[in-house]
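Reviewing the structure listed below.
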Amino acid sequence: MEWPLTFQCNNDCISCIFDTRQIKNMGAPFTKEIKNTIDNVPAGETLCLTGGEPTLRKDFFEIVQYALKKRPNELLFIVSNGRLFSKKRFAEKFKKLSRQNLRIGIPLYSHDPKIHDLITQRKGSWKETVQGIENLAENGVKVELRILMEALNYKDLKETAEFISRKFQNIERIVLINLKYSGNAFINRGDVFVKCSEVAPFVEEVALILMKKGFEVKLFHFPLCTIRSDFWEMAKGTTKNTAELAFAAQCRDCRMKKECPMIWKTYLAIAGGSEFQPIRTASQAKAKK
Ligand code: SF4
């Protein structure tokens, strides 16, 4: 279950899945409301605290502590831009809460500060995010580093991967994500949109490099026919919500339909579905290797 703790954010990413002009004045849930929700998340389910930027809440640590205490056996996942963790005391306070079942996902758009800051629309955000990741990962917190693929960063993905492997030895895993084109990402589609099939060769190359260096790598929301079959095992979706995801018409003939993470509806609205080619036979699946 995903739960936005606030819609306030210290970044204003051009590829944010929310329309940030619309949400910036939306109220945040009260602490009590959040605790009630935490109490009611079904056992066994992962709780994902998102935003906006959840660390901006004054009661952020109280909420994390509460969730960990109430759900000692389930994964607690936090999505953050990592900037506040650049402050040593803030990172250390979080580290004290660190448990086996706590993981934080932080997006890093590029090795190049200029590109990262261009996407976040905040000068200096790259520096803080990189420092934040370092302060957490080097101190035993489980960090999932997320790279969202978009027109502004995908061609430099190899350099970004090399930077990550040089800079961060201890991150838990790296996730390469096919962008969901809603909110700002849809509004700014002229700047950020790129086809899955264009991005895929870069993603495959980098996944191999990172795996060889010993990192666990996952690919999120890449329809299976856009990537080679030897990457299918690491491909998954974070949701199967049919309000957001769909198949193209020709998917009905695909033998991998059940396993496929599907296609964002907003992606289909921008680019149509002609690039998705059904995998009809086992040998065809093999031939994609
Ligand atoms: S043809 Fe459709 S179902 Fe098959 S892999 Fe591609 S997107 Fe998924």
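Listing for the model above:
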read-out: Residue match in segment 79-92 (condition: surrounded by fewer than 17 Cβ atoms within 10 Å (Cβ to Cβ), among the small types (G, A, S) and assigned to a loop (DSSP other than H, G, I, E, B)); value: no
read-out: Helices (runs of 4 or more DSSP H) wholly inside segment 171-289 that include at least 2 residues being out of contact with any strand residue (DSSP E or B) (no Cβ under 6 Å at 6 or more places or on another chain), closer than 30 Å to Q22 by Cα and within 16 Å of the ligand (Cβ to nearest atom); value: 265-271
read-out: Subset of segment 4-36 [assigned to a helix (DSSP H, G or I) and more than 23 Å from the chain's Cα centre (by Cα)]; value: T31, K32, E33, K35, N36
read-out: Residue check for A248: at pLDDT below 95 and more than 18 Å from V175 (Cα to Cα); value: no
read-out: Every residue from segment 96-114 that is surrounded by fewer than 19 Cβ atoms within 10 Å (Cβ to Cβ) and more than 30 Å from R71 (Cα to Cα); value: D112, P113, K114
read-out: Of all residues in segment 115-143 being part of a loop (DSSP other than H, G, I, E, B) and touching a residue at least 12 places away in the same chain (Cβ under 8 Å), the one that is surrounded by the most Cβ atoms within 10 Å (Cβ to Cβ); value: V141
read-out: Criterion: outside the structural domain of F168 (by TED's automatic domain parsing) and either over 20 Å from S15 (Cβ atoms) or under 22 Å from the mean Cα position of the chain (by Cα) (or both) - qualifying residue of C196, C260; value: C260
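Rundown of residues vs (1) crowded, with 19+ Cβ neighbours inside 10 Å; (2) hydrophobic (A, V, I, L, M, F, W, C), yes/no style:
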residue	(1), (2)
I177	yes, yes
K180	yes, no
G190	no, no
V199	yes, yes
V206	yes, yes
M211	no, yes
F215	yes, yes
L219	yes, yes
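The values are calculated or read from the model by the stated rules, or taken from the named source; none is laboratory data. Only a predicted model underlies this, so the values are computations on that prediction, with no experimental measurement involved. Cβ atoms come from the backbone with ideal geometry, glycine included; neighbour counts cover every protein chain shown.
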